[in-house]
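Working notes, structure below.
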Amino acid sequence: MSPYEEARHGPHRIVGPGFHARVHELLCTVPAGAVTTYGDLAGALGSRTVARHVGHALAALPERSDVPWHRVVDGAGFVTRPGSAAARRQAVLLRREQVVVGRDGRVADFASHRFV
């Protein structure tokens, strides 16, 4: 088999077998009291274009998972689907870690809490 050549074979495939596990492992490196974004995780995995797939990987987590899904917000610092039950749960979990979430669902002082 010939070696991988981007010009010949195209870009490396990022989403595929093991992708969810890689997302979960990477997210576990985000410390308590910090947040990251779907795009930041995607970029750390190799391509910011797979941010939506990062969301799918988090949505696939079992109910009682130890993966800190609540530390992922959108690129503007808003929790998941503001106003939803998931958003309320996420805000509670973030507040337990001393991350202030405003009534609008946005992490207060987002830039200082962002872990990239």
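On full extension, the segment bounded by Val100 and Ser65 gains 10.3 nm, given 0.36 nm per residue less the C-alpha separation. Scanning residues 5 or more positions from Val35 or on other chains, those with amide H under 5 Å from its amide H are Arg114, Phe115, with H placed 1.01 Å from N in the peptide plane. Taking 0.36 nm per residue of separation and subtracting the Cα-Cα distance, full extension of the segment from Asp109 to Arg88 would add 5.7 nm. Remark: the chain carries a charge dipole of roughly 340 debye about the Cα centre, counting +1 on each Lys and Arg Cβ and -1 on each Asp and Glu Cβ. Ligands, DNA and RNA aside, Asp104 has an accessible area near 90 Å² when probed at 1.4 Å. Solvent-accessible area assigned to carbon and sulfur over the chain amounts to 55 percent, based on a 1.4 Å probe. Per-residue surface analysis assigns His20 an accessible area of about 80 Å², computed on protein heavy atoms at 1.4 Å probe radius.
Residue separation of Ala32 and Val116 scaled by 0.36 nm, minus their Cα-Cα distance, works out to 28.9 nm of gained length.
Relative contact order of the chain, taken over Cα pairs closer than 8 Å and 6 or more residues apart, is 26 percent.
The residues of the chain expose, per residue, 62 Å² of accessible area to a 1.4 Å probe. Take the chain and mark each of the trypsin sites (Lys or Arg not before Pro) that is in a DSSP loop with at most 15 other Cβ atoms within 10 Å; the longest unmarked stretch, sites excluded, is 14-63.
The values are calculated or read from the model by the stated rules, or taken from the named source; none is laboratory data. The shown structure was predicted, so the numbers you read here are calculated from the model rather than taken from an experiment. Every residue, glycine as well, gets a Cβ built from its backbone with ideal geometry; the counts of neighbours run over all protein chains shown. The area values use the complete protein model at the heavy-atom level, side chains included, leaving out ligands, DNA and RNA. Shrake-Rupley method; radii C 1.70, N 1.55, O 1.52, S 1.80 Å.
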